[in-house]
There are 2 protein chains.
Amino acid sequence: MGEDHDHAQERPAAGLFPAARHDHRACVAGLLDHADELCRDQGLRLTPNRRVVLECLLADHKPLSAYDIAERIDWQGRRGGPVQVYRALRFFEDLGLVHRIESLNAFVACTHPVDGDGARHGAQFLVCTDCGRVAEASDPALRRDIGRMARQAGFQVQDPVIEIKGLCPDCGGRR
Amino acid sequence: MGEDHDHAQERPAAGLFPAARHDHRACVAGLLDHADELCRDQGLRLTPNRRVVLECLLADHKPLSAYDIAERIDWQGRRGGPVQVYRALRFFEDLGLVHRIESLNAFVACTHPVDGDGARHGAQFLVCTDCGRVAEASDPALRRDIGRMARQAGFQVQDPVIEIKGLCPDCGGRR
DNA sequence: ATAGTTTTTGTTATAACATAACACAACGAA
DNA sequence: TTCGTTGTGTTATGTTATAACAAAAACTAT
């Protein structure tokens, strides 16, 4: 328990990557608190099982497959496997606290959850093919364009999957 | 071999869904021809194996999994399985003639291929969750927005995955 | 044509991802 | 307590994707 002077995380929710060196301790704690609160509000239970899955995803901002997570968890005696992990992931996805990255068959913890809003809440994901980190953006213009395009096509949007693979600033994006 | 009077397909490449009743015979023939030509130009071989896979995908405008395709193909004696199918799919993906739909683990034949251009060529996909059909769009504004957003984030785009699930005009999009 | 090269195929095995089904435990309300 | 609901543990199985390697087919250059 070292440096605790609160450091006012460097624009964590600006739609960019998590700034490489941010106060990760506070970041994790805040998101866990938020999960706690959200569950309490909705009469849901943030059980130990669920909590460890979320903590595992929060450890870094990288996507993990369900099997990755299953391996990292200390199952303390019981067998423990993908089933438990998928169950927890489903739970958090419904709450909007975890997002599935379709193009990776993997999951990330949401970095700026929106209260009471489930699912993918219209976010876009920037996936670094080099370091593996994922940033969550929420670009209104992009969202508008999707709406417009869909309308033109007579298409009623249910769930937009926007996952942009490329290089993050640290890995060569900002040369 | 009945109605062959050429019917001038109803705006097949307008970015919308394939019009439900278009001249499918001509549509398929045209795309196969295009594949032929593209291969000839690039010194590649459109082998019988590859051709049947493409024909299978062209049969309707629905995405198929590699295993779906493997089941539908007449393997004429030999075993035949996913391996062959994945190989052909990879071949066509590189040519830009087939696209993978990440959110479905499935593949569709490209409905408006761009010559000499491989990969996903910046397209967006509208996936009907009801009838399963897929439309391929190519919205410039959307593309611009992605570029802009990425630039703002210091992110260098390699491969944007845009897959919008919802209801197509026939299934309730256009009420 | 024919020897050597590259490409494609056939085949088997296995890896990686995801869910079905069911019994039991824990919890929360009547 | 009793009952209904929700969550968990466990086994089995379904689905998607690739590794590895030998044999066949196609091209290439003499």
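Odds and ends about this structure:
- Chain A: equivalent-ellipsoid semi-axes (sqrt of 5 x gyration tensor eigenvalues, Cα, Å): 26, 21, 17
- Here the Gaussian network model covers chain A, with springs between Cα atoms less than 10 Å apart; of A:22, A:112, A:99, A:22 fluctuates the most.
- Computed [θ] at 222 nm, deg cm²/dmol, chain A (DSSP H ≥ 4; -39,500 (n - 2.57); rounded to nearest 500): -11500 deg cm²/dmol
- Residues whose amide H falls under 5 Å from that of residue B:161, counting only those 5 or more places apart or on a different chain, are A:163, A:164, A:165, with hydrogens built in the peptide plane.
- Shielding value for A:138-150 is 5, the average number of Cβ atoms from other chains within 10 Å of each residue's Cβ.
- Label-to-label distances for residue B:42 across copies, nearest first, come out at 4.5 nm, using points 7 Å from Cα in the beta-carbon direction.
- The rotation axis taking chain A to chain B passes closest to this chain A residue's Cβ, listed with the gap in Å: A:102, 2.
- If you bin all the Cα-Cα distances of segment A:78-175 at 10 Å, starting from zero, the percentages per bin are 14, 38, 33, 13, 2, 0.
- Taking a Cβ cut-off of under 15 Å around residue B:62, the surrounding Lys, Arg, Asp and Glu residues balance to a net charge of -4, with basic ones at +1 and acidic ones at -1.
- Over all Cα atoms in the protein assembly as shown, the spread is summed up by Rg and Dmax: 22.7, 81 Å.
- Positive minus negative residues near residue A:106 (Lys, Arg vs Asp, Glu; Cβ under 11 Å): -1
- With a cut-off of 9 Å between beta carbons, the residues surrounding residue A:46 carry a summed charge of +3, where Lys and Arg count +1 and Asp and Glu -1.
The numbers here are math on the coordinates, done by the rules we state, and not lab data. Remember, it's a predicted structure, so these values are computed and weren't measured experimentally. Cβ: placed from backbone, ideal geometry, glycine included. Neighbour counts: every protein chain shown.
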